[in-house]
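Here is the structure we will look at, set down as structure tokens.
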Amino acid sequence: MEELKQTIAANLAAYRKQANLTQQQLAEKINYSDKAVSKWERGEGVPDVLVLKELADIYGVTVNDFLVPHASAKKKLRLKDFWAKRWLITLLSAGLVFLIATIVTVIWSIIVPASGKDVAMYSYITAIPVALIVTLVFSCIWGKLWMRCAVASALIWTLCLLLHLVIRIVVTEYAWMIYLIGAALQVLVILWFVLAYFVRRGKSKQ
């Protein structure tokens with residue numbers, strides 16, 4: 001029974017959106033409150049048969065169409081699973097980088113115990129930008145524009161941190177200046193994001 005309620009709720013929302021109606025507009029058409037429409041679409045209640053018939057007439061469907069899983073709902077569920085698998089692959093790939101860093105740290109600590117802490121710090125800090133590079137590659141293939149921008153920004157600053165630690169070993173006084181390069185790169189990433197956004201927006205309008 002609960003599954004049927006959720007199916008009806010999903011179909012009510014899907015057909016309303018397909019008809020380009022807001023909950024308020026639909027409520028006015030059937031002389032109900034928008035709260036009642038919202039309640040039906042959340043699956044917290046089911047409209048009676050007469051209301052379902054009236055809604056079916058508005059949407060140009062049958063009452064039975066509300067009782068079976070909507071095709072678009074199935075498609076959205078498959079798409080959601082598809083994206084979940086993609087991100088799982090991305091996380092597993094990034095996790096593999098940290099596994100390698102852990103193996104390197106353990107082996108080095110066994111061979112040279114005195115330098116274990118330093119190796120652990122540098123190996124894990126190095127693993128962060130490497131993992132972000134892997135994530136950036138996958139986000140360029142699968143991800144959205146804002147995801148690429150976010151990952152690219154994180155990559156810039158983690159690389160700056162790594163280079164700062166390395167340069168500080170040789171030149172302590174000017175090591176912080178690497179962050180100036182990071183700031184310049186960050187501005188370029190933001191400008192690229194804005195440009196790409198407007199280009200895509202222009203193409204979608206065409």
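Considering only residues that are of a type outside the set (S, T, N, Q), surrounded by 18 or more Cβ atoms within 10 Å (Cβ to Cβ) and touching a residue at least 12 places away in the same chain (Cβ under 8 Å), which ones fall in the range 135-144? Full working, then the answer.
Filtering the range 135-144 for residues of a type outside the set (S, T, N, Q) gives 136-138, 140-144.
Subset that is surrounded by 18 or more Cβ atoms within 10 Å (Cβ to Cβ): 136, 138, 143.
Selection gives Leu136, Phe138.
Just give me the residues in the range 18-36 being in a helix (DSSP H, G or I), within 31 Å of the chain's Cα centre (by Cα) and either more than 14 Å from Ala56 (Cα to Cα) or not assigned by TED's automatic domain parsing to the domain that holds Leu55 (or both), in sequence order.
Scanning the range 18-36 gives Gln23, Gln24, Asp34, Lys35.
What are the pairs with Cβ atoms under 6 angstrom where one residue, in the range 31-47, is within 22 Å of Glu3 (Cα to Cα) and the other, located anywhere, is among the polar types (S, T, N, Q) and assigned to a helix (DSSP H, G or I)? Sequence gap at least six, or different chains.
Listed pairs, sorted by first residue: Val37/Gln23; Ser38/Gln23; Gly43/Gln6.
Looking at the range 145-194 only, could you name the residues that are over 31 Å from the mean Cα position of the chain (by Cα), in a helix (DSSP H, G or I) and either surrounded by fewer than 16 Cβ atoms within 10 Å (Cβ to Cβ) or on the phi > 0 side of the Ramachandran plot (or both)?
Selection gives Leu165, Val166, Ile167, Arg168, Ile169, Val170, Trp176, Met177.
Which of the residues that make up the range 58-67 are free of Cβ contacts under 8 Å to residues at least 40 places away in the same chain and within 19 Å of Asp34 (Cα to Cα)? Step through it out loud before you land on a result.
Pass one, the range 58-67, residues free of Cβ contacts under 8 Å to residues at least 40 places away in the same chain: 58, 60, 62-64.
The answer is Ile58, and nothing else.
May I ask you to list the residues in the range 92-118 that are in contact with a Gly (Cβ under 9 Å, 6 or more places away or on another chain), among the hydroxyl-bearing types (Ser, Thr, Tyr) and farther than 26 Å from Thr135 by Cβ?
The answer is Ser109, and nothing else.
Kindly check whether there is at least one residue in the range 73-81 that is at pLDDT 85 or above and of a type in the set (A, V, I, L, M, F, W, C).
Taking every residue of the range 73-81 in turn, none turns out to be at pLDDT 85 or above and of a type in the set (A, V, I, L, M, F, W, C).
Take Val119 and tell me if it is at pLDDT below 90, among the β-branched types (Val, Ile, Thr) and either outside the structural domain of Leu99 (by TED's automatic domain parsing) or more than 27 Å from Leu88 (Cβ to Cβ) (or both).
Numbers: at pLDDT below 90: yes; among the β-branched types (Val, Ile, Thr): yes; either outside the structural domain of Leu99 (by TED's automatic domain parsing) or more than 27 Å from Leu88 (Cβ to Cβ) (or both): yes.
Answer is yes for this residue.
Given the conditions (1) at pLDDT 90 or above; (2) in the same structural domain as Ala196 (by TED's automatic domain parsing), report the number of the one that Ile133 does not fulfil.
(2)
Where the second residue is surrounded by 14 or more Cβ atoms within 10 Å (Cβ to Cβ) and the first is of a type in the set (D, E, K, R) and lies in the range 1-17, which pairs have Cβ atoms under 7 Å and are six or more apart or on separate chains?
Lys5/Gly43; Lys5/Val46; Arg16/Leu26
Out of Ala14, Ala27, report the one residue that is at pLDDT 90 or above and surrounded by 14 or more Cβ atoms within 10 Å (Cβ to Cβ). Steps first, answer last, please.
Numbers: Ala14 fails: at pLDDT 90 or above.
Every option except Ala27 fails the conditions.
The values are calculated or read from the model by the stated rules, or taken from the named source; none is laboratory data. Given the structure is predicted, the values throughout are model-derived calculations rather than measurements. We place every Cβ from the backbone using ideal geometry, glycine too, and count neighbours over all the protein chains shown.
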